[in-house]
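Colleague: Shown below is the structure under consideration.
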């Protein structure tokens, strides 16, 4: 029986590494999820199928693996406007109103990126 040497094992390991090096989706790595708790003001209108929502609730959810924050909710007034204070960074926005009840194409919401300072986001469902 012949003794096993480490040289062939090292060569095979190097070959396997070089063959898999280029695998994957490529591109830049995904940006890190923000962990900041800084908040910003957001305002805008809400439209469903081209019509202003005149009564309902808009919900901004900024939670992610690095930041566990509860969703923020604000009422939508009779003119279709809302104002809310939410953490900066990515937020998932969902609208709760009689126009969205029971319609799965409207219940998925939209994503926005909240910046420092004052933000304006008009929520349009379904997204264009």
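The values are calculated or read from the model by the stated rules, or taken from the named source; none is laboratory data. Every value quoted in this text rests on a predicted model; they were computed, and no experiment measured them. Positions of Cβ are backbone-derived with ideal geometry, glycine not excepted, and every protein chain shown enters the neighbour counts.
Colleague: Just one of (1) farther than 11 Å from residue 46 by Cβ; (2) modelled with pLDDT under 95 trips up residue 78, so point out which.
Modeller: If we test residue 78 against (1) farther than 11 Å from residue 46 by Cβ; (2) modelled with pLDDT under 95, just (2) comes out false.
Colleague: Okay, moving on. Hey, can you tell me all the residues within region 109-128 that are closer than 12 Å to residue 49 by Cβ and in contact (Cβ under 8 Å) with a residue 24 or more places away in the chain?
Modeller: Selection gives 124, 125, 126.
Colleague: Which members of region 96-108 meet the condition of being without any contact (Cβ under 8 Å) to a residue 40 or more places away in the chain and either in a helix (DSSP H, G or I) or in contact with a strand residue (DSSP E or B) (Cβ under 6 Å, 6 or more places away or on another chain) (or both)?
Modeller: Answer for region 96-108, where residues must be without any contact (Cβ under 8 Å) to a residue 40 or more places away in the chain and either in a helix (DSSP H, G or I) or in contact with a strand residue (DSSP E or B) (Cβ under 6 Å, 6 or more places away or on another chain) (or both): 104, 105, 107.
Colleague: Further question: All but one of (1) in contact with a strand residue (DSSP E or B) (Cβ under 9 Å, 6 or more places away or on another chain); (2) in contact (Cβ under 8 Å) with a residue 40 or more places away in the chain hold for residue 51; which doesn't?
Modeller: (1)
Colleague: When you look at residue 93, is it at pLDDT 75 or above and in contact with a helix residue (DSSP H, G or I) (Cβ under 8 Å, 6 or more places away or on another chain), yes or no?
Modeller: no
Colleague: Which of the residues that make up region 109-121 are loosely packed, with under 13 Cβ neighbours inside 10 Å and in a loop (DSSP other than H, G, I, E, B)?
Modeller: 115, 116, 117
Colleague: If residue 126 passes every condition in (1) in contact with a helix residue (DSSP H, G or I) (Cβ under 8 Å, 6 or more places away or on another chain); (2) surrounded by 19 or more Cβ atoms within 10 Å (Cβ to Cβ); (3) at pLDDT below 95 but one, which one does it miss?
Modeller: The one condition residue 126 does not meet is (2).
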